[in-house]
Amino acid sequence: MQEVDDWILAARARNGDQAAFTALVRRYERPIMHFCARMIGNASDAEDVAQECFLALHRSLGRIEPRAQFSTLLFGIARNLTLNHLRDGRRRGRHMSSPMEGLEKEPSTGDQPDRRAQAAEIGTVLIEAINGLAPEHREVLVLRELSQLDYEAIAQIVGCPIGTVRSRLARAREALRVRLTEQDMLP
């Protein structure tokens, strides 16, 4: 029951236990970083936003209460910060970069060169397709498929009914299917 452990760690961190806060950061830094990267599309900016997420968590330790899963609270903070970042970037005329440098997995060295090249091409097209989704569709897709959160947690994070989450996810998947079909990546 990791969520109980998370809230116990949060309570300890609230009481000044830095090791408890460090344990929370270590537990969630990778999923939060991946979420931010998929939302923002730039590894460097995503790292900054993820770090800001943990700073916001630290500042709010005295106010948070275990009403939901800890991961739901943390992804909610990350979501708000990424949306702010995207909004502020549009104001400054910045756009998402693609592909997300430094985030792609390196192919296994045992793979054949032609398979590695094909996998890299598919990965680039997929990243560009995800980046091209509207933010409200991209976030539910990333939370569901990459962060593997359930519909209820996603609904709490994005602040909408579960039916809206399902609808946005269906639209995101359909948009991806269309884009990948146009790129001849799907039959």
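Look at (1) among the hydroxyl-bearing types (S, T, Y); (2) more than 17 Å from the chain's Cα centre (by Cα); (3) within 24 Å of F70 (Cβ to Cβ) and you find that S167 fails only one, number (3).
Within the stretch 29-40, residues that are in the same structural domain as D6 (by TED's automatic domain parsing) reach no partner that is surrounded by fewer than 19 Cβ atoms within 10 Å (Cβ to Cβ) and β-branched (V, I, T) with beta carbons closer than 8 Å at six or more positions or on different chains. Scanning the stretch 143-158 for residues that are part of a loop (DSSP other than H, G, I, E, B) and touching a residue at least 40 places away in the same chain (Cβ under 8 Å), we see that the one that is farthest from N84 (Cα to Cα) is L149. Please go through the stretch 22-51 and pick out each residue that is of a type in the set (D, E, K, R) and under 18 Å from L133 (Cβ atoms). Answer for the stretch 22-51, where residues must be of a type in the set (D, E, K, R) and under 18 Å from L133 (Cβ atoms): R38, D45. Out of the residues in the stretch 16-73 that are polar (S, T, N, Q) and farther than 18 Å from E139 by Cβ, which is modelled with the lowest pLDDT? Looking at residues that are polar (S, T, N, Q) and farther than 18 Å from E139 by Cβ, I get S44. Looking at A155, A175, can you tell me which residue is under 20 Å from G41 (Cα atoms), modelled with pLDDT of 90 or more, not β-branched (V, I, T) and not assigned by TED's automatic domain parsing to the domain that holds E52? None of the other options fit; the residue is A175.
Among the candidates R87, R67, R79, the residue that is over 16 Å from the mean Cα position of the chain (by Cα), on the phi < 0 side of the Ramachandran plot and part of a helix (DSSP H, G or I) is uniquely R87. Against the test of being surrounded by fewer than 13 Cβ atoms within 10 Å (Cβ to Cβ), assigned to a helix (DSSP H, G or I) and without any contact (Cβ under 8 Å) to a residue 60 or more places away in the chain, the options V140, V178 yield a single qualifying residue, V178.
The values are calculated or read from the model by the stated rules, or taken from the named source; none is laboratory data. Nothing here was measured: the structure is a model prediction, and the numbers come from that model. Every residue, glycine among them, receives a Cβ derived from its backbone with ideal geometry; neighbour counts consider all protein chains shown.
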